[in-house]
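No value in this document is a laboratory result; all are computed from the given coordinates. Keep in mind the model is a prediction, meaning the values are calculated, not measured. No Cβ is skipped: glycine too gets one built from the backbone with ideal geometry, and neighbour counts run over all protein chains shown.
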Amino acid sequence: PPGISMAEEARYGFGQPATEADIKAWNIDITPTGEGLPPGRGTVRQGAAVYSNKCAACHGPTGTEGPKDRLVGGHGSLATEHPVKTIGSYWPYATTLYDYIFRAMPFTAPQSLTADEVYSLVAWLLHQNGIIPATMVVDAQTLPNVTMPNRDGFVADPRPDVESRE
Amino acid sequence: PPGISMAEEARYGFGQPATEADIKAWNIDITPTGEGLPPGRGTVRQGAAVYSNKCAACHGPTGTEGPKDRLVGGHGSLATEHPVKTIGSYWPYATTLYDYIFRAMPFTAPQSLTADEVYSLVAWLLHQNGIIPATMVVDAQTLPNVTMPNRDGFVADPRPDVESRE
Amino acid sequence: VSSIGTTAASLIAPSLLPAEELAALDPTAVPGHAPSPYGSRAPGETAHRLPTATHSLTPHHALHGIITPSALHFERHHNGVPSINPDRHRLLIHGLVDRPLTFSMNDLTRFPSITRTLFIECSGNSGKEWKGPTGTTVQETHGLMSTSEWTGVPLSTVLAEAGIKPDAAWVLAEGSDAAAMTRSLPLAAVVKDALLCYAQNGEALRPEQGYPLRLVIPGWEGNTCIKWVRRLKLGTAPFMTREETSRYTDLMPDGTARQFTFVMEAKSVITSPSGGQQITPGFVEIRGLAWSGRGKIAKVEVSADGGLTWRTAQLQEPVLPYCHTRFRYGWRWHGDEAIIQSRCIDETGYIQPSRAALITVRGTNSVYHYNAIQSWKVGGDGKVTNVEM
Amino acid sequence: VSSIGTTAASLIAPSLLPAEELAALDPTAVPGHAPSPYGSRAPGETAHRLPTATHSLTPHHALHGIITPSALHFERHHNGVPSINPDRHRLLIHGLVDRPLTFSMNDLTRFPSITRTLFIECSGNSGKEWKGPTGTTVQETHGLMSTSEWTGVPLSTVLAEAGIKPDAAWVLAEGSDAAAMTRSLPLAAVVKDALLCYAQNGEALRPEQGYPLRLVIPGWEGNTCIKWVRRLKLGTAPFMTREETSRYTDLMPDGTARQFTFVMEAKSVITSPSGGQQITPGFVEIRGLAWSGRGKIAKVEVSADGGLTWRTAQLQEPVLPYCHTRFRYGWRWHGDEAIIQSRCIDETGYIQPSRAALITVRGTNSVYHYNAIQSWKVGGDGKVTNVEM
Ligand code: HEC
Ligand code: HEC
Ligand SMILES: [Ca+2]
Ligand SMILES: [Ca+2]
Ligand SMILES: [Ca+2]
Ligand SMILES: [Ca+2]
Ligand SMILES: [Ca+2]
Ligand SMILES: [Ca+2]
Ligand SMILES: [Co+2]
Ligand SMILES: [Co+2]
């Protein structure tokens, strides 16, 4: 086609330009710096209500009972024989909670929650884990500033790490 | 086990000795020298009857009509544009006819024919192809002595035989 | 935006629309189905063998790599696929041996095993092309061949167990199908590398490929690789069965016939773009298969001008002996009529012949062992057809 | 007559009796069934995956060679197998690229293609063994791995089409399943040899392995090989999704966790005789698989005395990088208790560790990346069990 650049000629030319709408529909990830967080807000109190409606059946009334993944507690357990890995004890970034709850929860209806619902659930879960006060409003500005207890608990892969001799 | 020879020790020892009965049940091949031909006999006249009952539906009343493989004729056609390969025009050994008819025919009931039936069918098919007289009795002694018209028509594989150059 | 164009991609990986209810509008919003004991392909995938009464053809235009999925491995039966109980199946070894033996499948799997990825090609593959361009698609012209990973025990190991007598020179291999399909094989040659196989692509053989036991002879015509094998008889001379006299012999122009033509000579074919497909101008990856019954493929060349000029294609590693080798060549089609061809050279230096060279020597009455260069014509409209050069 | 004995052959190739009506008493007397468009395995063959809600395990005790039949390829899904219409499926590339693009499946199959035979191993394969011998069979201990012939387009080719911006260092790969399964991958490493695959063992990907499109990264933990991939987003830093923080990180004894542990280190296992099988005295072929996420297997050693002495096993050629390698060792079992083990060394010189060496460094809380030597005990009765040495 006229006007095509030389650089474009060197490519195969397959595929279509992605439109803003294409990208917006799928661009759901949230980075640790908060990139991707949508407008909206949530409180611990609102989160308690949504959680009890949409989450408690699988994760237990307080987030500790299950039957599915335990979400609360386990602090100080990571170096013991029975580590309990939860949002509070293990997760390094609070933003990941928004990302994961929206993309994958509730398990039976992923990507069905509104931004306000997700912010509220994040607030409630962080509060249950003793990370934020009951009064905190969670939104795109405040969430990236929450420091998780195990933020510095991760190290890079040092392998090969095991001496193997005959 | 006691008494086992050294040679036997060197083997893996898997498998069972084949009994005479094991071998007899499956040892159906017939060689060009007539090895394997069973007792029994057949005539062209008997063959005509068996053929018309059990074979003609597929190979045609005279062995030329089909719908399945043509069994009769084609003499002298092998070097033409339309070769007709039949028992008479192509097959190098008469013994193969016994072998194949017993092992594979009738197509719907292979290995169902008696030795006398097979000898008779062989007789009729050889006669139809002008190879033996109407009066000949076919049995384990006479069959290997039948000389087929195309007996010397086969050559060994001389490949590579095609010059391929750029 | 494409300044380069498209290929026959939808033909390369054909699929029908899955029924609407099977495919979620947004699959990320709906939990999927649970793990299962034994999977099956996606409902919309419909690549299939073309079956007749006696055989079925592998859809090479729709396949990738070199492994043929077992479900799509070509078939050639002489009286159907038998139903065999593997626990009752026995292999009998007799004739010129020290100790006639029978083996159960359990016995056979106990021996030292070996695995090889090998093509099997019917001697009749492309046989209709002797008379000129006949097949419409590559499935029709070259569908009587497939490649699998075969596992079994070397024939030599099992024969040694029975003890080969010094005067044994030929072995009769017989199947337990309704044709009791039988071939005489020269002992020295098959003892070298034939396998008694019980597994194909990791699992038990498929019924159509000889379940529970098949003889596999690397590089030899498919009919020698006796399926459902139940008997091996050693003798001094060929047994001259119908399958090596009336059939599987090649009629020459002088009326003589070549017998015991076991090895499948080197051959190649472009599987994409191929007959029945359609391309559009721009980048087109020419993809195909090359193989030789004499060992490894050394080189594949591709021509897009009917054989005037040839370019070396890329061979997918690893290149294995007696095995399909996938070749690829990046081409730019400018919209003009073109004849595309591939030709291969194997490690013995044998060059796949042109059709003209082949029929000059062999005439057109052979039926089997047609291995000439295949020519596909790309029309001005991008449609691909089978033509003679 | 056997002076040498038997192995667990019936366990190696398990089969149920086909229903009597399926198996003719003498199959040579009854015409068989006709060729078919798409075959299925013999009715008596019942090797199967062990499925749970989230995964299923490959029955390696029943398999041969290195190819895993697609129907038996292990599964690990984070919210089930989505049903995807391939004609609607798109791959979106955006973030730090010059030109955000979407690709249809047709677009992707047009690019130059490549085929590789590769293992995929779940990082959780053998994970339960961290706490001590847990699985009864090799399917339970090592069933979260399989090998296929994968065909697709190099990731680098497709990213180049969009144009990688200079500051891009990580890529987020996201699936179109109900978990929108997501991993951050270091761009420089994956651009080297990752593939966007659309074919597995010759035909279209199976739904459980990512139909119609899967990212395959040679040698890396299975969860990085994003299935049903629909989005690649380039960024400067890892995106820190739940699957690389809460999951797929290994807890060390000091309470810290290792993150981005992508490569599956060298590992091997005896698949036969293995847990749940039984052998009898005499010749027993020890068969197993070895593999390394760092390249080729250089050597496999087998011990039949709990690691006191080691003998070199035979490796089935071709030995391919990032691929299962089948090893074999001919053993004579005299009826005494024995501990059989295999250990492998890869081309980097890395030696598969003993369990003791591994847990000395890592403790037992890791969950993922367990690659210690597996010990099987052969009892005086020939029964094989999973034990700790
Ligand atoms: C029907 C069952 C079910 C419901 C309802 C459900 N979950 Fe879950 N949840 C699960 C399962 C199962 C997992 C584990 C998924 C996996 O590991 O891939 C999980 C995992 C999680 C995790 C990750 C835990 C970790 O440590 O990695 C979070 C956070 C979570 N759920 C939050 C929620 C919230 C918030 C809701 C309600 C909006 C919810 N879940 C509703 C079943 C459920
Ligand atoms: C229901 C059909 C049918 C019946 C009945 C039948 N045949 Fe056949 N016959 C065939 C078919 C089909 C073939 C070709 C088989 C093949 O090529 O594998 C054949 C092949 C042959 C051949 C080999 C021809 C050649 O040149 O290679 C002979 C000989 C033969 N039949 C003889 C007989 C005799 C004798 C009988 C009767 C006892 C018989 N047939 C009954 C269908 C039949
Ligand atoms: Ca385009
Ligand atoms: Ca025995
Ligand atoms: Ca389509
Ligand atoms: Ca053949
Ligand atoms: Ca059995
Ligand atoms: Ca994994
Ligand atoms: Co054939
Ligand atoms: Co996993």
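When a/c reaches 1.5 or more, the comparison of a/b and b/c decides; with that in mind, is the stretch C:267-387 rounded, prolate or oblate per its Cα gyration tensor? Taking the square roots of the gyration eigenvalues as a ≥ b ≥ c, the stretch C:267-387 is oblate.
For D:E285, the residues 5 or more places off, or on other chains, whose built amide H falls under 5 Å of its own are D:W331.
Cα centroid separation, the stretch D:40-69 to the stretch D:167-181: 30 Å. Considering only A:E20, A:E117, A:E35, the mean-square fluctuation computed in a Gaussian network model of chain A, springs between alpha carbons under 10 angstrom, is largest for A:E20. Sequence-ordered 3J(HN,Hα) estimates for the stretch C:201-212 from the Karplus curve with 6.51, -1.76 and 1.60 and θ = phi - 60° stand at 6, x, 10, 3, 3, 7, x, 5, 10, x, 3, x Hz, glycine and proline given as x.
For the pair the stretch A:86-150 / the stretch D:107-127, the C-alpha centres are spaced 34 Å from each other. Among C:F260, C:F283, sorting on how many other beta-carbon atoms sit within 10 Å of each Cβ, with the fewest leading, yields C:F260, C:F283. Residues whose amide H comes within less than 5 Å of that of C:A298, counting only those at least five positions distant or on another chain, are C:I345, C:D346, C:E347 (H built at 1.01 Å from N in the peptide plane). Of all chain C residues, the closest to the C-onto-D rotation axis by Cβ, with that distance in whole Å, is C:P318, 2.
Each of C:L63, C:L234, D:L108 was scored by other Cβ atoms within 10 Å of its Cβ. Arranged with the fewest first, they read C:L234, D:L108, C:L63. Mean-square fluctuations from a GNM of chain D, with a 10 angstrom spring cutoff on Cα atoms, peak among D:L232, D:L213, D:L101 at D:L101. Sorted ascending by nearby beta carbons within 10 Å, beginning with the fewest, C:M105, A:M136 become A:M136, C:M105. What shape does chain A take by its C-alpha gyration tensor, where a ≥ b ≥ c are the square roots of the eigenvalues and a/c under 1.5 counts as rounded, a/b above b/c as prolate, and the rest as oblate? Judged from the Cα gyration tensor, chain A comes out oblate (a/c at least 1.5, b/c at or above a/b).
For the protein assembly as shown, the Cβ-based charge dipole about the Cα centre amounts to some 20 debye (Lys, Arg positive; Asp, Glu negative; other atoms uncharged).
Between this copy and the others, label points of A:N145 are 11.5 nm apart in ascending order, each placed 7 angstrom from Cα in the Cβ direction.
Can you tell which of A:D116, A:D152, A:D29 shows the greatest fluctuation in a Gaussian network model of chain A with Cα springs below 10 Å? Maximum fluctuation in the GNM of chain A, among the listed residues, is at A:D152.
Distances between equivalent label points of D:P166 across the copies, with each point positioned 7 Å along Cα→Cβ, amount to 8.2 nm, shortest listed first. Modelled spin-label separation between D:Q314 and D:T360, with each label point placed 7 Å from Cα along the Cα-to-Cβ direction: 3.5 nm. Overall form of chain C: oblate. Here a/c, set by the Cα gyration tensor axes a ≥ b ≥ c, is 1.5 or more, and a/b is not larger than b/c. For chain A, the dipole from Cβ point charges (+1 on Lys and Arg, -1 on Asp and Glu) about the Cα centre works out to 560 debye, to the nearest 20. Computed from the C-beta positions of C:D167 and C:E347, the FRET efficiency with R₀ = 45 Å rounds to 0.85. Taking Cβ atoms as reference points and 9 Å as the exclusive limit, the residues near A:G42 contribute a net charge of -2, counting Lys and Arg as +1 and Asp and Glu as -1.
Chain A comes nearest to the axis taking it onto chain B at the Cβ of one residue; that residue and its distance, in whole Å, are A:P160, 26. Do the sum for chain C: with -39,500 (n - 2.57) for every DSSP H run of n ≥ 4, divided by all residues, what is the mean residue ellipticity at 222 nm, to the nearest 500 deg cm²/dmol? Rounded to the nearest 500, it is -2500 deg cm²/dmol.
The charge dipole of chain C, taken about the Cα centre with unit charges on the Cβ atoms of Lys, Arg (+1) and Asp, Glu (-1), comes to about 760 debye, rounded to the nearest 20. With the label put 7 angstrom out from Cα along the Cα-to-Cβ vector, D:P186 ends up 5.8 nm from the copy partners, going from closest to farthest. Karplus-based coupling profile of the stretch C:159-176, in residue order and whole Hz: 5, 4, 4, 7, x, 7, 6, x, 8, 5, 10, 10, 10, 8, 10, 10, x, 9, with θ = phi - 60° in 6.51 cos²θ - 1.76 cosθ + 1.60 and x standing for Gly or Pro.
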